Each structure stands twice: as C-alpha cells, then as structure tokens.
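Below you'll find the structure, written out as structure tokens, and then a few comments.
What follows draws every value from the coordinates through simple rules; no lab data is involved. These numbers come from a predicted model, not from an experiment. Heads up, the Cβs are rebuilt from the backbone with ideal geometry, glycines too, and the neighbour counts pull from every protein chain shown.
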Amino acid sequence: MYKVIYDTIASTQNEIINFDRYKKVLNNNNLYVQSLEQEKGTGRGKKKWISPKGNIYLTINQKLKANVALKNNFYICYLIHKFFKRTHDIDLEYKWPNDLFYQNKKIVGVVVKSTILGNNSYLKTGIGININNTPLIESTSLSSILKKKSSIIELSNKIIDYIEYNLSKEISNQIIVRYLNKYMLKNFKLNHPTFGKNIVEIINVNEDFSLNIKIEDEIKKIFFGELV
C-alpha cells in the first residue's frame, strides 16, 4: 500500500503521475491519495463535493479484474459502514448505490471513475466523509453526532488500514447485499433516463447490485439512475 497526502489539491481523483507509471504502481499496490482540502472536489455526475478543511477526502486507486469492478464499489461502501458501526457504535443508513446517511442526512459520499484496459479495470474510488464540518444544510458530520471533534489524520489512517486489510478478503455478493439492504433508505424519488423523475417504491438491492423498484404497480430492475 502507498499513501500520498496533500494539504490542498484540486481533487484526489486527479491523476498525479503519468498513466504508464500509475499502472506499474497498481500492479502490486493500492495507492491512497488524500487531501486535507479540495479546490474542485468531485461528486456524482456533474455535481461538486464541497471540500473545506476538517473532513476526509480520499481516493483509493486499484487495479482489478474488470468483472469485479462493480462489486468493489459496493464493498467499499459496506466497509465504511461497518467501520463506523464497530468503532463508534453508529448505525448509518444506506442510499443506493453508494452513499451513507445518518438520520436522513448525508455523511459519506462515494464516487467511482474507471479505465478499462482489456480484462483489467483501473479504479479511482473517491470517498468524502464529513468529520468536523457540515458543508450543506442537508448533510451532517461525525462531530455533530458525537458532540466532539476528531483528528483527521488519526481517523483517516484507521479507515485506510481497515479498508486495506479487508480489500484482500473474499466476500460474497450475498453478504454485502444482505447487509446493505438491512440499512437501506427508501424515501427518494428516482431520476432515470427511461423512467423519468417519478416517485417510486424502492424494494431492495439484488445480488448483481441492481435495484428493484416498483413503478405503476410493476417491479422494475435498474442498474443505474439517481435517487434524489
């Protein structure tokens, strides 16, 4: 494992070395890029992740087989959820596909960019965790929950160690999905290119990580889309 930490950077998902050298690093190691502040944090789609100092902004760079890249996205979300449950006794809520909330307010966002080359996928999994700051009214932070501040470096090192240790483990889709369904939030509207912007009933996540929804009394299965 390699870790690079900045005081300020445009975005932890930006490439910081040339791609050929980047690929060589990822042949044998995961690369963690963290910044105490981001000038142009990346959110889902075209959204920005507001990134003042006091929170965790981290990108995990990995080389994986292309056929397991999708699972990795959900697995990292699962691991972050389990980390806070074990270390702080906090039951976060899960929003498909990869956000975590606390009492209906967002605290963790995960966004993935990937480059597919043959059978391999080079993944950049960006993670934003509100620790000591709450950038938006509709979000919350760990300090708001615990009523005390946390050390960013100390906590981020623990999170990275926990993720890195578990990334090498084999775990079934069924275990991940069962766990995430237990904590899944369901009160959202769907924004989807086929089904439009509609109020839908969210049913459950499937073992292929698609989402079952009910719309106009029919069960539909979607692999992408935004819950708003």
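Observations on the model:
- FRET efficiency for the Glu37 to Lys221 pair, using the beta carbon distance and R₀ = 41 Å, is estimated at 0.55.
- Between the amide H of Thr140 and those of Lys106, Ile107, distances stay under 5 Å, these residues lying 5 or more places away or on another chain, with hydrogens modeled in the peptide plane.
- Estimated FRET transfer efficiency (Ala66, Ile137; beta-carbon r; R0 45 Å; 0.05): 0.70
- For the pair Asp89 and Glu170, label points projected 7 Å from Cα toward Cβ lie 3.6 nm apart.
- Legend: residue pairs Lys85/Lys106; Lys40/Lys182; Lys85/Lys182; Lys23/Lys124; Lys189/Lys221; Lys40/Lys186, Cα-Cα distance threshold 24 Å; pairs beyond threshold, Lys40/Lys182; Lys40/Lys186.
- ³J(HN,Hα), Karplus 6.51/-1.76/1.60, whole Hz, each residue of the range 188-198, x for Gly, Pro: 9, 8, 9, 10, 9, x, 8, 9, x, 9, 9
- Ordering His88, His192 from the fewest to the most neighbouring beta carbons within 10 Å gives His88, His192.
- The orientation-averaged shadow of the Cα convex hull for the chain, equal to a quarter of the hull surface, comes to 12.5 nm².
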